[in-house]
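The values are calculated or read from the model by the stated rules, or taken from the named source; none is laboratory data. Computed from a predicted structure; not experimentally measured. When we count neighbours, we look across all protein chains shown, and the Cβ atoms used for this are built from the backbone with ideal geometry, even at glycine.
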Amino acid sequence: MKFPVPCVCGARTAQSGGLLRIIRLTALLALAGLLSACSAVKIAYNQAPELAFLQLDGYFDFSGAQTSRVKEELVKIQRWHRSNQLPAYSDFLKKWQGLLPGDLDEAQVCSATDDLRSSLLAISSRAEPLVAELAGTLAPEQLKFLQRKFSKLNRTYQSDFLEGTLASRIDKRVKKAASRAEMLYGALEEKQLAVLRRQIAQSVFDASLSLAEHQRRQQDALQTQAPLAAGAATATQAKSAIRGYFERSFNSPNPVYRSYQEKLTRDNCKTLALLHNSTSLAQRAKAVQTLADYARDLRILAAQDF
């Protein structure tokens, strides 16, 4: 479950392999609207299949037949998600409404990350047949299209996280983190911005290592899809290949990156706890009300039948 607080690492949501991107974009069905105004949550969620399709089409340039099939399956995934995931999200928000009035520690914040991971794993499992089927229909031109998309993402990533002065990169990350935090707490005070700046400045975040992992996933995606697109696999083999790719994407085979990711997660959790603990009673009250509004909208969405 995505908690509307800042992503301070600056990289975990940047990009990944094409197949995993399907899962993360399908996760819009889980997360759509939760970083928007509460009044927009229901609209965003109900439009999530179309939004996810538009994003995916930007990676694969779907053919007419693929377009119909992907749209059909995204609607089915949303129906599954509406009945199987949204009630749990509402319960999650209710739990955090009780926690936010007090101080938080690193372990409590990291539990929200664990919830998000569990949600993504559940969605990936549900979307696995669609991804395997889609991979088997990709034309060589679409794989080239995907490769060009990866190159564009990498250039953007380098511009955002590796170019410019260290101070300018920190400023950019502080601005983004503050913007997301203000969706929960309202306007931040100088002392809270100082917390973000201090923690981001001393973060273990390593843009070069993160980019290398993104590029590994991209190559893994292309290498996984190539034999499937060539029609050299049975349906069972395709599902097994996709399952293996998902596993390598969620659990990198690179032990150096896995260790780094664990440290970065703890680092982020500590930062978010320190930020929360620096907020005023009024800011915490606003955060509680924000989550209550989200939970209400999720309950309404879960009860809808489309």
Leading residue by the ranking (surrounded by the fewest Cβ atoms within 10 Å (Cβ to Cβ)) among those in the stretch 169-188 that are charged (D, E, K, R) and out of contact with any helix residue (DSSP H, G or I) (no Cβ under 8 Å at 6 or more places or on another chain): 175
Test set (1) without any contact (Cβ under 8 Å) to a residue 24 or more places away in the chain; (2) within 22 Å of residue 121 (Cβ to Cβ) - residue 242 fails condition number: (1)
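Would you check which residues across the stretch 202-213 are part of a helix (DSSP H, G or I) and either among the acidic types (Asp, Glu) or within 25 Å of residue 136 (Cβ to Cβ) (or both) and list them?
Pass one, the stretch 202-213, residues part of a helix (DSSP H, G or I): 207-213.
213, the sole residue that qualifies.
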Against the condition among the polar types (S, T, N, Q), modelled with pLDDT of 95 or more and either in a helix (DSSP H, G or I) or touching a strand residue (DSSP E or B) at 6+ places or on another chain (Cβ under 8 Å) (or both), how does residue 225 come out, does it pass? no
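Going by what's in this entry, would residue 117 be described as farther than 25 Å from residue 303 by Cβ and touching a residue at least 24 places away in the same chain (Cβ under 8 Å)?
Working: farther than 25 Å from residue 303 by Cβ: yes; touching a residue at least 24 places away in the same chain (Cβ under 8 Å): yes.
So residue 117 fits the description; yes.
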Inside the stretch 84-168, counting only helices (runs of 4 or more DSSP H) that do not spill past its ends, which hold 1 or more residues that are touching a helix residue (DSSP H, G or I) at 6+ places or on another chain (Cβ under 6 Å), surrounded by fewer than 18 Cβ atoms within 10 Å (Cβ to Cβ) and acidic (Asp, Glu)? 106-135
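Looking for something under 21 Å from residue 111 (Cβ atoms) and surrounded by 14 or more Cβ atoms within 10 Å (Cβ to Cβ) - is there at least one such residue anywhere in the stretch 215-224?
Within the stretch 215-224 (the criterion being under 21 Å from residue 111 (Cβ atoms) and surrounded by 14 or more Cβ atoms within 10 Å (Cβ to Cβ)), the answer is no, since none of the residues qualifies.
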Condition first: surrounded by fewer than 14 Cβ atoms within 10 Å (Cβ to Cβ) and of a type outside the set (A, V, I, L, M, F, W, C). Now tell me which residues in the stretch 241-262 satisfy that. 244, 247, 251, 253, 255, 258, 259, 262
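Within the stretch 90-114, which residues are among the small types (Gly, Ala, Ser) and within 17 Å of residue 262 (Cα to Cα)? Talk me through it step by step, then tell me what you get.
First, pick out the residues of the stretch 90-114 that are among the small types (Gly, Ala, Ser): 90, 98, 102, 107, 111-112.
107, 111, 112 - these are the residues of the stretch 90-114 that are among the small types (Gly, Ala, Ser) and within 17 Å of residue 262 (Cα to Cα).
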Of the conditions (1) part of a helix (DSSP H, G or I); (2) farther than 30 Å from residue 182 by Cα, residue 302 fails just one. Which one is it? (2)
